[in-house]
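The values are calculated or read from the model by the stated rules, or taken from the named source; none is laboratory data. Since we're looking at a predicted model, the values are computed, not measured. Every residue, glycine as well, gets a Cβ built from its backbone with ideal geometry; the counts of neighbours run over all protein chains shown. Heavy atoms of the whole protein, side chains included, go into the accessibility calculation; ligands, DNA and RNA do not. Shrake-Rupley method; radii C 1.70, N 1.55, O 1.52, S 1.80 Å.
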Amino acid sequence: MKIRSATESDLIIIADIYNQYLGKATMDLQQATADSYRKYLSADREKLIIAEIGTEIIGWSLVKKYSDRIGYAKSCETSTFLKESAIGKGYGTTLKKQTIKECKKLGYTHLVAKIMSVNKTSINYNLKLGYEVVGEQKNIGYINGKKHNVTIMQYNFPNESNDE
């Protein structure tokens, strides 16, 4: 598996992979398009990362700022999505580990993942990578007539000082 930065030509596939999860692993119900992700190709301290086997893109990760407020400058949010056919083969773990490394290169020390609480597979996957559960937002989402909770997870780089 090769991991690389996304390019303009990857954006349609990124959207297609994301759209597999609408209402299942994301609170989103609106179909994503290439335009949905274009801004991340040139955004300051944000990055789209691609996982591919041969010439087939099997997944992607996004690193995005947690907030534009200066006090959150060391914090980002991470998301990882794989083609359903690529799940359970270790690709997501490799991709997420590289995403964590990219976060550090971008100057982040605190990573956040927000996951629908019914998605136990994703929660356990993040736990294995060093994230910890820090809370759950009750009934924050409403999809297809059903309320959903969101689990908030964080990853702090080891040995990072709180003083800077």
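What are the pairs, 6+ residues apart or on separate chains, where a residue within the range 70-93 that is under 16 Å from residue 120 (Cα atoms) has its Cβ under 6 Å from a residue that is surrounded by fewer than 17 Cβ atoms within 10 Å (Cβ to Cβ) and of a type outside the set (Phe, Trp, Tyr)? Partner pairs satisfying both residue conditions: 84/20.
Here the range 1-54 is the region considered, the condition is being of a type in the set (Lys, Arg) and at negative phi, and the residue that is modelled with the lowest pLDDT is 24.
If you check 41, 106 for being touching a helix residue (DSSP H, G or I) at 6+ places or on another chain (Cβ under 9 Å), hydrophobic (A, V, I, L, M, F, W, C), closer than 27 Å to residue 157 by Cα and surrounded by 13 or more Cβ atoms within 10 Å (Cβ to Cβ), only one passes: 41. Being at positive phi, at pLDDT 95 or above and over 13 Å from the mean Cα position of the chain (by Cα) holds for only one residue in 144, 139, and it is 139.
Results for (1) touching a Ser or Thr at 6+ places or on another chain (Cβ under 7 Å); (2) among the aromatic types (Phe, Trp, Tyr); (3) open to solvent by 20 Å² or more (accessible area, probe 1.4 Å); (4) assigned to a loop (DSSP other than H, G, I, E, B), shown as yes or no for each residue.
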residue: 71; (1), (2), (3), (4): no, no, yes, no
residue: 123; (1), (2), (3), (4): yes, no, no, no
residue: 142; (1), (2), (3), (4): no, yes, yes, no
residue: 155; (1), (2), (3), (4): no, yes, yes, no
residue: 159; (1), (2), (3), (4): no, no, yes, yes
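Looking at this structure, is residue 122 touching a helix residue (DSSP H, G or I) at 6+ places or on another chain (Cβ under 6 Å) and either of a type in the set (S, T, N, Q) or touching a residue at least 40 places away in the same chain (Cβ under 8 Å) (or both)? Spelling it out, it is not the case that residue 122 is touching a helix residue (DSSP H, G or I) at 6+ places or on another chain (Cβ under 6 Å) and either of a type in the set (S, T, N, Q) or touching a residue at least 40 places away in the same chain (Cβ under 8 Å) (or both).
Is it the case, given these coordinates, that residue 28 is surrounded by fewer than 17 Cβ atoms within 10 Å (Cβ to Cβ), part of a loop (DSSP other than H, G, I, E, B) and not basic (Lys, Arg)? Here the answer is yes, as residue 28 does meet what is asked.
Evaluate the range 55-65: report whether one residue or more is open to solvent by 20 Å² or more (accessible area, probe 1.4 Å), within 14 Å of residue 10 (Cα to Cα) and part of a loop (DSSP other than H, G, I, E, B). Walk me through it before giving the result.
Here is the first cut: in the range 55-65, the residues open to solvent by 20 Å² or more (accessible area, probe 1.4 Å) are 55-56, 64-65.
Of the ones still in play, those that are also within 14 Å of residue 10 (Cα to Cα) are 55-56.
Still in the list and also part of a loop (DSSP other than H, G, I, E, B): 55.
Looking through the range 55-65, at least one residue is open to solvent by 20 Å² or more (accessible area, probe 1.4 Å), within 14 Å of residue 10 (Cα to Cα) and part of a loop (DSSP other than H, G, I, E, B).
From the list 9, 36, the lone residue that is open to solvent by 30 Å² or more (accessible area, probe 1.4 Å), within 20 Å of residue 113 (Cα to Cα) and assigned to a helix (DSSP H, G or I) is 36.
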